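Participant: My structure is below; once you've seen it, I'll send some questions.
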Amino acid sequence: MKFSSLRYLVSQGIKNMWNNRVMGLASFCVLMVSLLLIGFSVLFIANINSLINIIETKNEMVIYIKEEVNEEDAKKMQASLEKLDNISEIKFVSKEEALDILYNGMKNYQSLYEELENDYDFLPFSYNIKIKDVSKITETVEAIQKID
């Protein structure tokens, strides 16, 4: 290719870009918006997947014991829970511990909890359990509900 042909092509390209600058700007803007939309979509999907993975790792469940059950019977339930396959960790929470959790979780209302310090019978006994496989949580809940 000769230098004069190259110079002609470059000059015609610049001339046409100047004559059609509105269409050039419009195509640039369309391309920019398209790339931004794709980028935001990818980031949104990545964040949703990350959030779902975080939720799956926090596979905890709280089992509340009926009020009429005493502490001894509530603690005996742990043996039945340990027999279930899908439970990896079991922790018994007494009424006193439940009050401490409530107290520490709501620091702004400490004056209210100071009055409840000796009267915490309204709190139930409970178990905090961790589930191994989240996909089998329905079967695990059904098995827990069958425990007497």
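Participant: Could you tell me which numbered condition GLU56 fails, if it satisfies all but one of (1) in contact with an Asp or Glu (Cβ under 9 Å, 6 or more places away or on another chain); (2) within 17 Å of LYS132 (Cβ to Cβ)?
Facilitator: Checking GLU56 against (1) in contact with an Asp or Glu (Cβ under 9 Å, 6 or more places away or on another chain); (2) within 17 Å of LYS132 (Cβ to Cβ), the one that fails is (1).
Participant: For GLU68, work out the one condition from (1) more than 30 Å from ASP133 (Cα to Cα); (2) surrounded by 10 or more Cβ atoms within 10 Å (Cβ to Cβ); (3) under 38 Å from the mean Cα position of the chain (by Cα) it doesn't fulfil.
Facilitator: (2)
Participant: Using the structure shown, decide if ILE48 is open to solvent by 100 Å² or more (accessible area, probe 1.4 Å) and among the β-branched types (Val, Ile, Thr).
Facilitator: The answer is no for ILE48.
Participant: Here is a further query. Given the criterion within 30 Å of GLU139 (Cβ to Cβ), without any contact (Cβ under 8 Å) to a residue 40 or more places away in the chain and in a helix (DSSP H, G or I), identify the matching residue among ILE38, ILE14, ILE48.
Facilitator: ILE48
Participant: Look through segment 89-102, keep the residues that are within 19 Å of THR140 (Cα to Cα) and open to solvent by less than 70 Å² (accessible area, probe 1.4 Å), and return whichever of them is farthest from the chain's Cα centre (by Cα).
Facilitator: PHE92
The values are calculated or read from the model by the stated rules, or taken from the named source; none is laboratory data. Quick caveat: nothing in here was measured; it's all calculated off a predicted structure. Every residue, glycine among them, receives a Cβ derived from its backbone with ideal geometry; neighbour counts consider all protein chains shown. Side chains included, ligands, DNA and RNA excluded: accessible areas come from the protein's heavy atoms. Shrake-Rupley method; radii C 1.70, N 1.55, O 1.52, S 1.80 Å.
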